[in-house]
Amino acid sequence: MKDVLDRLAGRLESWVDAFARNAAWLVLAVVFLLFVQNPLREYVGRGQFVANDMGQLSHAAVFMIGVAYAWRWDRHVRVDLFYRGMGVRARALVNLLGTVFLLLPWLALVAWSEGPTAWQSVKLMEHFPETGSPGFFMMNVVMLVFVALVGLQAIAVMARSAAELMQPRSRA
């Protein structure tokens, strides 16, 4: 059973990795789209709203997708008062219980709240409210991608934690 859980976790984490590595290319869009705003303001006299909005959208996507990737590699911010000093099994238990009782209910609430909003936004092909630029609906889609990727990583964490807890205790 431990091998099955480890393989499941590995497969899910490979999906998170692949998606995040591809989304990392959005950083170039962020840099270009937001960098170009300064010369446009300085030399042309005004920025480009569409470029700014797309830069903001790309920036949001990088961070929302990056959450699952950071968690996958244990590079996220953690309030680490006790966790660092815990043994492997205690950490696995904390990860399992925290994921099941804190993260998953919160993700379900976000999905339940955002799902209809995203669907309506896509259906209307919603524009940015302040500028009228196209593509605001993608902000809502990125929220659902966030929920999906963090959900996949949550399943992987639960599988790895359960696999660790199933191992017999060592007598060391």
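Only the coordinates and a few stated rules stand behind these numbers; no lab work does. The structure presented is a predicted model; accordingly, all values stated were derived computationally and were not measured. Please note: Cβ atoms are built from the backbone with ideal geometry, for glycine as well, and neighbour counts cover all protein chains shown.
Hey, any hits in the stretch 81-90 for a residue that's surrounded by 13 or more Cβ atoms within 10 Å (Cβ to Cβ) and touching a Leu at 6+ places or on another chain (Cβ under 8 Å)?
So far as the stretch 81-90 goes, yes, one or more of its residues are surrounded by 13 or more Cβ atoms within 10 Å (Cβ to Cβ) and touching a Leu at 6+ places or on another chain (Cβ under 8 Å).
Pairs needed: first member in the stretch 113-140, free of Cβ contacts under 8 Å to residues at least 12 places away in the same chain; second member anywhere, polar (S, T, N, Q) and surrounded by fewer than 14 Cβ atoms within 10 Å (Cβ to Cβ); C-beta distance under 8 Å; at least 6 residues apart or different chains.
Partner pairs satisfying both residue conditions: none exist.
Going through SER58, SER14 one at a time, which residue ends up being within 15 Å of the chain's Cα centre (by Cα), without any contact (Cβ under 8 Å) to a residue 60 or more places away in the chain, in a helix (DSSP H, G or I) and exposed (fewer than 14 other Cβ atoms within 10 Å of the Cβ)?
SER14
Filter the stretch 122-156 down to the residues that are among the hydrophobic types (A, V, I, L, M, F, W, C), out of contact with any Leu (no Cβ under 7 Å at 6 or more places or on another chain) and closer than 27 Å to GLU13 by Cα and list them by number.
VAL141, VAL142, MET143, LEU144, VAL145, PHE146, ALA148, LEU149 - these are the residues of the stretch 122-156 that are among the hydrophobic types (A, V, I, L, M, F, W, C), out of contact with any Leu (no Cβ under 7 Å at 6 or more places or on another chain) and closer than 27 Å to GLU13 by Cα.
Confirm whether TRP73 is without any contact (Cβ under 8 Å) to a residue 24 or more places away in the chain and closer than 20 Å to GLU13 by Cβ.
yes
When you check ALA9 against the structure, is it closer than 30 Å to SER161 by Cβ and either in contact with a Lys or Arg (Cβ under 6 Å, 6 or more places away or on another chain) or part of a loop (DSSP other than H, G, I, E, B) (or both), yes or no?
In short, yes.
In the list PHE19, PHE63, PHE49, PHE35, which residue meets the criterion of being surrounded by fewer than 15 Cβ atoms within 10 Å (Cβ to Cβ) and closer than 22 Å to LEU149 by Cα?
Criteria check complete, one pass: PHE63.
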